[in-house]
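Asks: I have a structure here, written as C-alpha cells, and I will follow up with some questions on it.
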Amino acid sequence: MSEGRAGVEGQDPGGAVDRVPTDLFIAGEWVPAGSGERFDVLDPATGRPIASVADAGPDDGRRAVEAAAAAQPELAATSPRERADWLNAAYVAVMDRADELAMVMTLEMGKPLAEAKGEITYAAEFLRHFAGEALRIEGGYQTAPAGNARFLTMRQPVGPSLLITPWNFPMAMGTRKIGPAIAAGCTSVIKPAHQTPLSMLALVEILAEVGVPAGAVNAVTTTHAGEVMEPMIRSGLARKLSFTGSTKIGKVLLEQCAERVMRTSMELGGNAPFIVFADADLDDAVAGAMAAKMRNMGEACTAANRIYVEEPVVEEFGRRLAQEMSALTVGPGTQEGVKVGPLIDDAAQTKVAELVQDAVDGGAQVLTGGEVPDGEGYFYPPTVLTGVSPDARMAGEEIFGPVAPLTPFTTEGEVLGLANDTPYGLVSYVYTRDLDRALRMAEGLEAGMVGLNQGVVSNPAAPFGGIKESGLGREGGALGIEEFLEVKYVGIAGPRPAQEG
Ligand code: NAP
C-alpha cells in the first residue's frame with residue numbers, strides 16, 4: 001500500500017483525492033523522492049492546492065528505468081492471455097471506480113464532472129481494446145521467391161518504454177500508451193504532467209492491484225521533467241519513447257532519442273481546420289462545431305482551431321454558434337450544470353486573452369464572450385469571433401481555450417489552401433452533403449485524421465495520430481500495439497527434398 005497519502009486539505013467532500021497515492025511507484029513499491037521533495041497539485045477552479053506529491057529528481061528517474069529494464073525479461077515471457085487478463089481486470093476496476101476517478105480528474109484538471117466521467121470511460125476502453133490486441137499479435141510464414149528458403153516473421157516487445165503524457169486528458173493519454181505497452185509485453189516508466197499527476201497515480205495503483213508484476217509499470221512525478229527524463233532517455237536502458245505533448249518539446253525529445261536510435265511515437269500539437277460548406281446540414285455543423293471546439297473547454301489537440309464557413313451561410317452559422325456558446329454555464333467543474341470549467345492555469349488564461357485581443361485588433365468582431373471574468377480560478381468564457389483574418393496569431397497557434405474563430409471563404413480550392421497552410425496535420429473536419437466534394441476534401445487535406453460530418457474522431461478502436469509536425473506513429477486501433485513491437489525475420493534454409501528409401 002501507498003505511504004505518503006498526505007493530501008493537502010482541499011475542496012473534495014468525498015475524500016477521493018485523499019485516497020490517491022502520492023509517492024513515486026518504482027519496482028512495485030510506493031517510495032518518496034530521494035530528496036524528500038514534494039510539490040503541490042492545484043485546483044484550477046480556485047488556484048488552491050488539493051494534494052502534494054513526490055517531486056522526483058534524476059536519481060529517482062534512474063531507479064525507475066532500471067526497474068523497468070530489470071522487469072522486462074519476466075514480462076516478455078508472460079503469455080498473451082495473462083497480459084490480456086490484467087488489462088481486462090484493470091478495465092473493470094477503472095469502470096467500478098469511475099465516479100471517484102472522475103472527481104480526482106475534475107479537481108486536478110478542471111473539466112466538468114460529466115466530461116471527466118466520459119474521459120474515464122474512454123480511458124478504460126483503451127485497456128479493454130488492448131486486452132484484445134494482446135491476443136492478436138501475429139507472425140508470418142512465407143516461401144522465398146526462389147522456393148529455396150522460408151521466411152518466418154515474429155513480433156517481439158520493443159523493450160522498456162518511457163511514456164510521457166500531457167495534462168489535458170490526464171487518464172486517457174496514459175491508458176493509450178500503457179494499454180499497448182502491457183499488451184505487447186513492454187515494461188514502462190510513465191511520467192504524467194506536473195499539473196495532473198493524480199489520475200495516473202490512481203491508475204498505476206489499480207494496475208498493481210490487478211496483478212501487473214512489480215517493475216512492469218513504474219510512475220515518476222516531477223517538476224523537473226527535462227532533468228529527470230533526459231538521462232533516462234540517454235541511459236540506453238529504454239528502447240522506446242512514447243510522447244504526447246507539444247510539438248516544441250517533441251522535437252527536443254526526438255533529438256535526445258537519436259543518440260540511442262530509440263523507437264519513438266509522437267502525438268504532438270494540432271491546428272485543426274473545421275470547414276463548413278453552404279450545402280451542409282447546418283444543425284449538424286453547429287452541433288459538430290460545439291463538440292470539436294468545446295470538448296475539454298477547447299484544451300484538446302483535436303480542437304477546431306480555425307473555423308472556415310462558406311460565405312452564404314457564415315452569418316447564420318455564426319449567429320447559431322454564438323447562441324449555443326453563450327448558453328453554456330461556466331464554473332467549477334464539480335458544480336452541477338456546469339459545462340465549461342476553468343483553463344489549466346493562469347498562463348493558459350493569459351494566452352487565450354492575448355490571442356483574442358490580437359484577433360480583435362486585426363478586425364475580428366466578438367459575437368459572444370471575449371472578456372476575462374473577475375474572481376478566482378482560471379476561467380475564460382465561451383467566445384465566438386467572426387471575420388478573423390487568416391493572418392491572426394490564432395490562425396497559426398493552438399488556442400487551447402473555448403474560442404471559436406470564424407473566417408469566411410468562397411471556393412473549395414481557397415479553403416483547401418487555407419486549411420493546409422500550417423506545419424501541423426493532426427485532424428481536419430469537413431461538413432458537406434456533396435459526396436464528390438467530401439472525397440476530394442478527405443483526400444486533399446493534409447491531416448492524419450478527417451472528421452466527415454462529425455466533430456469527434458477519437459475512438460480507442462481507430463488509429464489516432466498526425467502527419468507533418470503533428471507527430472509520428474498511431475495510437476489506438478490495430479496499429480497502436482505495433483508501436484510497441486519489433487518485427488524479427490528468421491530466414492530458414494530449405495526444406496530440401498525428402499531422401500526416400
Ligand atoms: P508539453 O509542455 O509538451 O508537456 C507534455 C509533457 O511533456 C508533460 O508531461 C511535461 O512535463 C513533459 N515535458 C515538458 N518538458 C519536457 C522535457 N524537456 N523533457 C521531457 N518531458 C518534458 O505539453 P502540454 O502543454 O502539457 O500539453 C499540451 C500539448 O499537448 C498541446 O500542444 C496538445 O496539442 C498536445 N496534445 C497532443 C495530443 C495528440 O494526441 N496529438 C493529445 C493531447 C495533447 P511537465 O508537466 O513538467 O511540463
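Asks: Which value, in Å to one decimal place, does the Kirkwood hydrodynamic radius take for region 108-220 when every pair of different Cα atoms is included?
Replies: Every distinct Cα pair counted, the radius reaches 15.7 Å.
Asks: Please compute the contact order of the chain in relative form: average sequence separation of alpha-carbon pairs under 8 Å and at least six residues apart, divided by the residue count, as a percent.
Replies: RCO, the chain: 17 percent.
Asks: Moving on to the next point. Between Thr411 and Asp59, 0.36 nm times their residue separation minus their Cα-Cα distance comes to what?
Replies: Taking 0.36 nm per residue and subtracting the Cα distance, the gain is 120.9 nm.
Asks: GluC sites (Glu not before Pro), restricted to region 78-164: which are DSSP loop and have at most 14 other Cβ atoms within 10 Å?
Replies: Here the GluC sites (Glu not before Pro) that fit, given the DSSP loop and packing criteria, are Glu138.
Asks: With label points built 7 Å along Cα→Cβ from the Cα atoms of Gln365 and Asp283, find their separation and express it in nm.
Replies: Result: 2.8 nm between the two label points.
Asks: Oh, and also: Report in % the part of the accessible area of the chain that belongs to carbon and sulfur, leaving out ligands and nucleic acids; probe 1.4 Å.
Replies: C and S fraction of accessible area: 51 percent.
Asks: Just name one of Met294, Ala347, Gly401: the one whose Cα is farthest towards the positive end of the charge dipole of region 272-452 (beta-carbon charges, Lys/Arg +1, Asp/Glu -1).
Replies: Farthest towards the positive pole: Met294.
Asks: Then there's this: Treating the beta-carbon of each Lys and Arg as +1 and of each Asp and Glu as -1, no other charges, what is the dipole magnitude of the chain about its Cα centre, to the nearest 20 debye?
Replies: Once rounded to the nearest 20, the dipole reads 1800 debye.
Asks: Suppose R0 equals 56 Å; then what is the FRET efficiency for Ala347 and Leu135 from their Cβ-Cβ distance, rounded to the nearest 0.05?
Replies: Given R0 = 56 Å and the Cβ-Cβ separation, E is 0.80.
Asks: State which entries of Lys111/Lys177; Lys251/Lys351; Lys240/Lys351; Lys177/Lys248; Lys468/Lys488; Lys339/Lys468 exceed 27 angstrom in Cα-Cα distance in the structure shown.
Replies: Violating the 27 Å limit, Cα to Cα: Lys240/Lys351; Lys468/Lys488; Lys339/Lys468.
Asks: Let me ask you something else. With a 1.4 Å probe and every protein chain left in place, work out the accessible area per residue of region 395-501 in Å², rounded to a whole number.
Replies: With all protein chains present, region 395-501 gives 48 Å² per residue.
Asks: A further question follows. Given an 8 Å cut-off on Cα distances and at least 6 residues of separation, report the relative contact order of region 272-452 as a percent.
Replies: Normalised by residue count, the contact order of region 272-452 is 28 percent.
Asks: Follow-up. With angles folded into 0 to 90 degrees, how steeply does helix 247-258 sit against the dominant principal axis of the chain? Use alpha carbons for both and round to 10.
Replies: The helix 247-258 is inclined about 20 degrees to the chain.
Asks: Pop the C-beta distance of Asn453 and Lys248 into the FRET formula with R0 = 41 Å and round what comes out to the nearest 0.05.
Replies: In this case the efficiency is close to 0.80.
Asks: Only Lys, Arg, Asp and Glu count, each charged at its Cβ (+1, +1, -1, -1), so figure out the dipole size of region 284-425 about its Cα centre, rounded to 20 debye.
Replies: Dipole of region 284-425, to the nearest 20 debye: 300 debye.
Asks: Nearest 10 degrees is fine. How inclined is helix 225-234 to the longest principal axis of the chain, computing both from alpha carbons?
Replies: For helix 225-234, the angle is close to 30 degrees.
Asks: How high is the relative contact order of region 1-125, given as a whole-number percent (alpha carbon pairs under 8 Å, six or more residues apart)?
Replies: Computed value for region 1-125: 23 percent relative contact order.
Asks: In degrees from 0 to 90, rounded to the nearest 10, what is the angle of the helix 113-134 Cα long axis to the longest principal axis of the chain?
Replies: Compared with the principal axis, the helix lies near 30 degrees.
Asks: Each residue of region 47-52 in turn: what ³J(HN,Hα) in whole Hz from Karplus with 6.51, -1.76, 1.60 and θ = phi - 60°, glycine and Pro shown as x?
Replies: Result, ordered by residue: x, 9, x, 10, 7, 10 Hz.
The values are calculated or read from the model by the stated rules, or taken from the named source; none is laboratory data. Just so it is clear, the model here is predicted, and its values are computed rather than measured. Note that each Cβ is placed from the backbone with ideal geometry, even for glycine, and that neighbours are counted across all protein chains shown. Note: areas computed on protein heavy atoms with side chains; ligands, DNA, RNA excluded. Shrake-Rupley method; radii C 1.70, N 1.55, O 1.52, S 1.80 Å.
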